[in-house]
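Data block below; observations after.
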Amino acid sequence: MEGNDSKLEKQELSLLGPVEWGAEVLASSNYASTTSLVKDHDQEKAPRDDGRQQWDNKFQYMLACVAFAVGLGNIWRFPYLCQKNGGGAFLIPYSLMLIFEGIPLFIIELAVGQRLRKGPLQVWWEINPYLAGIGISSCVVSFLCSVYYNTVVSWCILYFFRSFTYPSPWSTCDSNATECAISSATSYYWYRDTLNIADSLEVAPSYEWKVGLSLVLTWTIVFFATVKGIKSSGKVIYFTALFPYVVLTIFLVRALLLPNMSDGLVHLFKPDLSHLLNARVWLDAATQIFFSLSLAFGGLIAMSSYMPENNNCYKDAIVVSFINCFTSLYAAIVIFAVLALY
């Protein structure tokens, strides 16, 4: 039957003129190519089921990116750079570096992880084996940052438990009134009670079991938060991403009620444009954007690899980048409103 059908088609084509015959062949070839393109597009659009975990929802993924990008650089370093580099004038190079440096690199990291659906080690190896060192370097840097970040968190845990005592131990220092009078009660508690630093490099410091115990507790929390991958960290992220904004808002309300808080805000936003002539200011802005968005740490590639391939990573990168920079400015307002007291 198939042979008879092909013969009939040839007879019908032979009865057509050259023009009609060419149009018929062209139409059939266009139909076949169009059908093939549609099939390829549908296959590309459909999410690939490779057994890799996925985020529970898009909101969870966005919170994870925000929590990873926002960190100590937003709270500590950005206000310091504003004060150092001309106040509001620093926002000009900072915004330009965000547009021309931060967002493009952010898009690249999200797109690479989302398309290849692999971690930073495997991603760069798959792109080119000669680039595997980039993935190794990003993992090493992430580990080193985790070490000192968890050390800072251990200090916070120690202060948290000590804050339940009354009066607070950093409000007075009766044990050494002379040294306390030279510095302050808070500095004395930090250097002598918490760290118990040695008087010089030649003197071996003693082991502080309280800090060590807090550090063990910190790493234990990290372990249980990440032991099951995004299935466990995805649940924790709702607290770790949103709670800092709650705390910042509480501090902001308290800071706005302080006397002379407007002087601090004027000092923050009043621009000193002469600083823009200094190349160091532009370098600080570029470095802050790179550090603030957590670029090249490998975490963004890892988190985006748990998203479907057809996710709009361009929009995600822009939204997270602006949230990150808004957080920096939000924290700077809180800090400068409090510093007006001093």
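The values are calculated or read from the model by the stated rules, or taken from the named source; none is laboratory data. If you're wondering where the values come from, they're calculated on a predicted model, not measured in any experiment. FYI the Cβ positions are ideal-geometry reconstructions off the backbone, even for glycines, and counts take in every protein chain you see. Keep in mind that these areas ignore ligands, DNA and RNA; they rest on the heavy atoms of the full protein, side chains included. Shrake-Rupley method; radii C 1.70, N 1.55, O 1.52, S 1.80 Å.
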* Structure fact -> Net charge (Lys, Arg +1; Asp, Glu -1) of residues whose beta-carbon lies under 11 Å from that of Tyr94, Tyr94 excluded, is -2
* To do: Find which of Pro169, Ser154, Leu110 sits farthest along the positive direction of the dipole of region 95-201, computed with +1 on the beta-carbon of Lys and Arg, -1 on that of Asp and Glu, about the Cα centre.
  => Leu110
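Among Lys235/Lys315; Lys58/Lys231; Lys210/Lys235, which pairs are too far apart, with a Cα-Cα distance over 19 Å?
Details: Lys235/Lys315 23 Å; Lys58/Lys231 14 Å; Lys210/Lys235 29 Å.
Violating the 19 Å Cα-Cα cut-off are Lys235/Lys315; Lys210/Lys235.
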* All-pairs alpha carbon distance profile, region 187-342, 5 Å steps from 0, percent -> 1, 7, 9, 11, 13, 14, 16, 14, 9, 4, 1, 0
* Asked: Quick one: putting +1 on the C-beta of Lys and Arg, -1 on the C-beta of Asp and Glu, what dipole do you get for region 206-342 around its Cα centre, in Debye to the nearest 20?
  -> 340 debye
* Asked: What number comes out for the charge environment of Leu295, summing +1 per Lys or Arg and -1 per Asp or Glu over other residues with Cβ under 9 Å away?
  -> -2
* Say the dipole of region 188-342 comes from +1 at the beta carbon of Lys and Arg and -1 at that of Asp and Glu; which of Leu201, Ser233, Leu265 then lies farthest toward its positive end? -> Ser233
* Given charges at beta-carbon only (K, R positive; D, E negative), |dipole| of region 68-151 in Debye -> 100 debye
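Roughly how many Å² is the accessible area per residue of region 101-221, as a whole number, for a 1.4 Å probe? Before the final figure, lay out the partial values.
On the way: 7680 Å² over 121 residues.
Ligands and nucleic acids excluded, the result is 63 Å² per residue.
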* With all protein chains present, how much of the accessible area of region 234-283 (probe radius 1.4 Å) comes from carbon and sulfur, to the nearest whole percent? -> 75 percent
